[in-house]
Amino acid sequence: MSPTRSARQTRAMLTMLAAVALFAMMDAGLKQLSAHYPPFQVASLRGAASLPLVLVWAIATAGVRPLLRVRWSLHLLRGVLGVAMMATFVYAVSKLPLSTTYSVFFVAPLLITALSVPFLGEHVGPRRWTAIVIGLIGVLVLLRPTGEGLVSLAALAVLVAAVMYAISAITVRVLARTDSTQSMMVWLMAMIALGAGALAWPQWVPIRGEDLWIIAGVGVAGALGQYAITEAFRLGEASLIAPLEYTALVWGVMFDLAFWGVLPDAITWIGAAIIVVSGLYLIRRERVHVEAEHP
């Protein structure tokens, strides 16, 4: 690897680590807000708080025209998926520790690979299917039978959020063929803000003054995190950058301990480890598959 390429990869990795940290801060803010506001309202506030920053960045970097010349049907679908994902994720973090929520949500990359077969016509070999199945077993470990039953509504909400995220990621891969990154970011934030806001309106809770700084922090962290993750994947190889998403679990544990005084139990660590290892193996096999196709 040349010095220039090595420097780019290092910068990409550091940027990805920053993106994960920013998203973890945003999620901690969402968890704080979820104690006082309904899930759809929190989802709407997340979109509305980030939208001005994302819009300014989009216009400054690409202008207005790429924001208007888009495939509206797919953007609308992605907006619906985004509203569902944010609302279910917010509900989950209101009931579960961040670390547990992240552990279950880590199944999303496995789902993206599985869904790429029917939706994108991609080929997934037996080794990658095995990794997907093992990862799903890890989810079952996390949702282990207890005296309270097999699963909780909050855990199911995380799974729904992961499925919505995976389908949304598939739509991004389709949209990226014709639409700009700026348009995808702007319209997702706008549709989450408006769509979730409309659903939250009948039970809208007046916003407390002391929560304004948390809402602002969620908006800034979300916007900067989105920019950082986009920049990371622009600079570095996906197979090198993607595994760093799992560092979110470290932030989740630290925030859980610092703000809510909880730590994952042994079974949660085991389930999370199974999912993470499966995801890392899947990423490795993806790299081997790409190198085989493009030697």
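The values are calculated or read from the model by the stated rules, or taken from the named source; none is laboratory data. Predicted model only: the values in this text are computed from it and were never measured. Glycine also receives a Cβ, built like all others from the backbone with ideal geometry; neighbour counts cover every protein chain displayed. Protein only, heavy atoms only, side chains kept; ligands, DNA and RNA dropped before computing areas. Shrake-Rupley method; radii C 1.70, N 1.55, O 1.52, S 1.80 Å.
Surface composition of segment 158-215: carbon plus sulfur atoms hold 72% of the accessible area, using a 1.4 angstrom probe and ignoring ligands, DNA and RNA.
Whole-Hz Karplus values for segment 37-43 come out as 9, x, x, 5, 5, 4, 4 Hz, taken residue by residue from phi with 6.51 cos²θ - 1.76 cosθ + 1.60 and θ = phi - 60°; glycine and proline positions read x.
Model label points for residue 212 and residue 35, set 7 angstrom from Cα along the Cα-to-Cβ axis, are 2.1 nm apart. Set against the labelled values (1) 58, 57, 38; (2) 60, 37, 35; (3) 66, 51, 35, Cα extents along the principal axes in Å computed from this structure falls on (1). Rolling a 1.4 angstrom probe over the protein heavy atoms with all chains in place gives the chain an accessible area of 49 Å² per residue.
Coupling constants for segment 106-114 follow from the phi torsions by the Karplus curve (6.51 cos²θ - 1.76 cosθ + 1.60, θ = phi - 60°), and in residue order they are 5, 6, 4, x, 5, 5, 4, 5, 5 Hz; glycine and proline get x. Placing unit charges on the Cβ atoms of the charged side chains and taking the dipole of the chain about its Cα centre, the candidate lying farthest along the positive direction among 218, 207, 233 is 233.
Among 63-76, 243-256, sorting by the average number of other beta carbon atoms lying within 10 angstrom of each residue, highest first, gives 243-256, 63-76. Estimated purely from DSSP H runs of n ≥ 4, each contributing -39500 (n - 2.57), the mean residue ellipticity at 222 nm for the chain is -26000 deg cm²/dmol once divided by its residues.
Coupling constants for segment 53-69 follow from the phi torsions by the Karplus curve (6.51 cos²θ - 1.76 cosθ + 1.60, θ = phi - 60°), and in residue order they are 5, 5, 5, 4, 4, 5, 5, 5, 9, 10, x, 7, 4, x, 7, 9, 8 Hz; glycine and proline get x. Roughly speaking, what is the centre-to-centre gap between segment 65-112 and segment 31-59 when only Cα atoms are used, to the nearest Å? For segment 65-112 versus segment 31-59, the Cα centre distance is 13 Å. Here the spin labels are modelled as points 7 Å beyond Cα on the Cα-Cβ line, and at residue 270 and residue 123 they lie 3.8 nm apart. Note on residue 73 and residue 277: the model spin-label points, each 7 Å out from Cα along the C-beta direction, lie 4.4 nm apart.
Please give the FRET efficiency for residue 133 paired with residue 156, using the beta carbon to beta carbon distance and R0 = 25 Å, rounded to the nearest 0.05. For residue 133 and residue 156, the calculated efficiency is 0.80.
Ordering of 199-211, 36-48 by packing is 36-48, 199-211, highest average first (other Cβ atoms within 10 Å, averaged per residue). Basic side chains Lys and Arg get +1 at the Cβ, acidic Asp and Glu get -1 at the Cβ, and with that the dipole of segment 119-240 about its Cα centre reaches some 340 debye.
Neighbours of residue 217, meaning other residues whose beta-carbon lies under 15 angstrom from its beta-carbon, give a summed charge of 0 when Lys and Arg score +1 and Asp and Glu score -1. What a 1.4 Å probe finds exposed on segment 40-93 is 74% carbon and sulfur by accessible area, rounded to a whole percent.
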